[in-house]
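What follows is a short report on a single structure.
The values are calculated or read from the model by the stated rules, or taken from the named source; none is laboratory data. Everything quoted here is computed from the prediction, not taken from an experiment. Note that each Cβ is placed from the backbone with ideal geometry, even for glycine, and that neighbours are counted across all protein chains shown. Surface accessibility is based on the protein's heavy atoms, side chains included, excluding ligands, DNA and RNA. Shrake-Rupley method; radii C 1.70, N 1.55, O 1.52, S 1.80 Å.
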Amino acid sequence: MLPYKSSKSALTSVEQFLMREYSENKNLTGELALLLSGITLASKHIANHVKRDGLTGVSDKTNSTNVHGEEVKKLDELADKMLIESLGLNADVAIISSEENENPVILQESGGKYIIFFDPLDGSSNLNVGISVGTIFSIMEKTKQSYTDPLEIILQPGHRQIAAGYIMYGSSTVLVFTTGKGVHMFTLDPHVGDYLLSRSNITFPENGKCFSINEGNSQSFSEGYHKWLDYVKSPDAGPYTARYIGSLVADFHRTLIQGGIFVYPTTKKSPEGKLRLMYEANPIAFIAEQANGMAIDGKSRIMEIQPHSLHQRVPLIVGEKKEVNKILSFIS
Ligand code: P6P
């Protein structure tokens with residue numbers, strides 16, 4: 001038992017929340033708190049830069065492209081660097097794998113317990129137009145201490161995640177994460193300079209009636225997706241509303257809070273799908289399932305996919321169970 005049963009007041013920090021949730025396992029509490037504090041520390045700096053974009057040029061291009069051939073903004077590189085630096089100080093972190101680095105960053109050959117995956121600034125192409133962007137992270141444990149190729153212990157299916165979450169730099173800066181015991185949201189209070197609990201045990205509302213897909217790609221959708229789109233636009237199904245921001249964290253966060261479904265199928269331009277499995281689809285899927293929703297690639301559960309490469313892309317369908325099952329009835 002906790003020495004003192006804290007009330008679930010608004011003054012609950014991430015660390016205090018973890019102490020309450022994991023009072024029976026002090027070691028895990030400490031490790032998770034330290035891992036999350038490394039991520040939240042970097043996120044406060046990222047938030048500060050995002051809020052001042054336009055004054056500091058962080059959304060300027062670096063005239064380089066990443067492993068995916070995508071333009072890299074200055075803040076992509078800065079966010080990546082800050083996350084690696086703040087997590088690199090943690091003796092429990094063995095390996096970091098980031099969207100911005102072709103190869104994993106090996107912090108410790110033999111020591112360390114955790115592997116951290118992240119997309120340091122998802123949606124950064126929206127930075128210079130003032131649209132919400134985000135940092136997405138996923139945490140797994142090393143499966144063994146010694147290995148010849150780090151990919152042996154990195155390429156694990158998503159159900160092996162011990163924690164996952166995102167920080168959305170939007171009208172407010174919010175941290176949403178799960179450690180397998182529900183989904184919880186913390187809001188960065190600029191006056192306090194810390195993330196404080198704003199919602200706990202979040203689940204998808206039912207009947208959100210909102211679908212989120214880039215219909216600009218519809219020429220390359222398979223027949224089932226066209227039938228589903230006809231359904232959601234038909235009088236007897238609706239009324240549905242359409243919302244699409246083009247920033248995964250923002251589109252998913254709206255779906256989590258208001259309900260509905262987010263869909264990114266394979267397209268002619270992205271025949272494997274556009275979103276990356278290890279640091280976008282897996283963490284989003286963990287949160288979705290913990291919020292009583294579903295996350296699939298159009299056939300199977302995202303978190304069952306055995307990865308074959310670090311930056312592997314997958315299609316992503318995520319949201320309320322009822323909506324995911326409905327689209328499945330058209331596309332499977
Ligand atoms: P499209 C942002 O570039 C991103 O990786 C995700 O954040 C977002 O969901 C997706 O791409 C948007 O892609 O093809 O609709 O612009």
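Would a scan of the range 102-113 turn up a residue that is open to solvent by less than 10 Å² (accessible area, probe 1.4 Å) and over 20 Å from ASN66 (Cα atoms)?
No, every residue in the range 102-113 fails to be open to solvent by less than 10 Å² (accessible area, probe 1.4 Å) and over 20 Å from ASN66 (Cα atoms).
Check off (1) over 19 Å from THR62 (Cα atoms); (2) in contact (Cβ under 8 Å) with a residue 40 or more places away in the chain; (3) part of a strand (DSSP E or B) for MET140 and give me the number that stays unchecked.
(2)
Does GLN145 satisfy the criteria of being under 24 Å from ARG276 (Cβ atoms) and among the polar types (S, T, N, Q)?
no
Within the range 207-236, restricting attention to residues that are outside any helix (DSSP H, G or I) and without any contact (Cβ under 8 Å) to a residue 24 or more places away in the chain, which residue is nearest to GLY259 (Cα to Cα)?
Among residues in the range 207-236 that are outside any helix (DSSP H, G or I) and without any contact (Cβ under 8 Å) to a residue 24 or more places away in the chain, the one nearest to GLY259 (Cα to Cα) is LYS233.
Among (1) open to solvent by less than 50 Å² (accessible area, probe 1.4 Å); (2) more than 16 Å from the ligand (Cβ to nearest atom), where does THR203 come up short?
(1)
Given the criteria part of a loop (DSSP other than H, G, I, E, B), within 15 Å of the ligand (Cβ to nearest atom) and assigned by TED's automatic domain parsing to the domain that holds LYS73, does ILE131 qualify?
Against the criterion (part of a loop (DSSP other than H, G, I, E, B), within 15 Å of the ligand (Cβ to nearest atom) and assigned by TED's automatic domain parsing to the domain that holds LYS73), ILE131 qualifies.
Can you give me the number of residues within the range 237-283 that are within 10 Å of the ligand (Cβ to nearest atom) and either without any contact (Cβ under 8 Å) to a residue 40 or more places away in the chain or under 18 Å from the mean Cα position of the chain (by Cα) (or both)?
Count: 15.
Identify the single condition in (1) at pLDDT 95 or above; (2) within 23 Å of HIS311 (Cα to Cα); (3) basic (Lys, Arg) that LYS144 does not satisfy, given that it satisfies every other one.
Against the list (1) at pLDDT 95 or above; (2) within 23 Å of HIS311 (Cα to Cα); (3) basic (Lys, Arg), LYS144 comes up short only on (1).
Starting from residues that are at pLDDT below 85 and part of a helix (DSSP H, G or I), keep the ones in the range 22-67 and report whichever is surrounded by the fewest Cβ atoms within 10 Å (Cβ to Cβ).
ASN27
Go over the candidates ALA79, ALA94 one by one and state the one that is touching a Lys or Arg at 6+ places or on another chain (Cβ under 6 Å), open to solvent by less than 30 Å² (accessible area, probe 1.4 Å) and either more than 16 Å from the ligand (Cβ to nearest atom) or of a type outside the set (D, E, K, R) (or both).
After applying the criteria, what remains is ALA94.
What is the one condition in (1) modelled with pLDDT under 90; (2) within 16 Å of the ligand (Cβ to nearest atom); (3) closer than 29 Å to THR143 by Cβ that SER125 does not satisfy?
All conditions are met except number (3).
Would you confirm, using the coordinates I've provided, whether LEU188 is open to solvent by less than 50 Å² (accessible area, probe 1.4 Å), assigned by TED's automatic domain parsing to the domain that holds THR143 and more than 13 Å from the ligand (Cβ to nearest atom)?
yes
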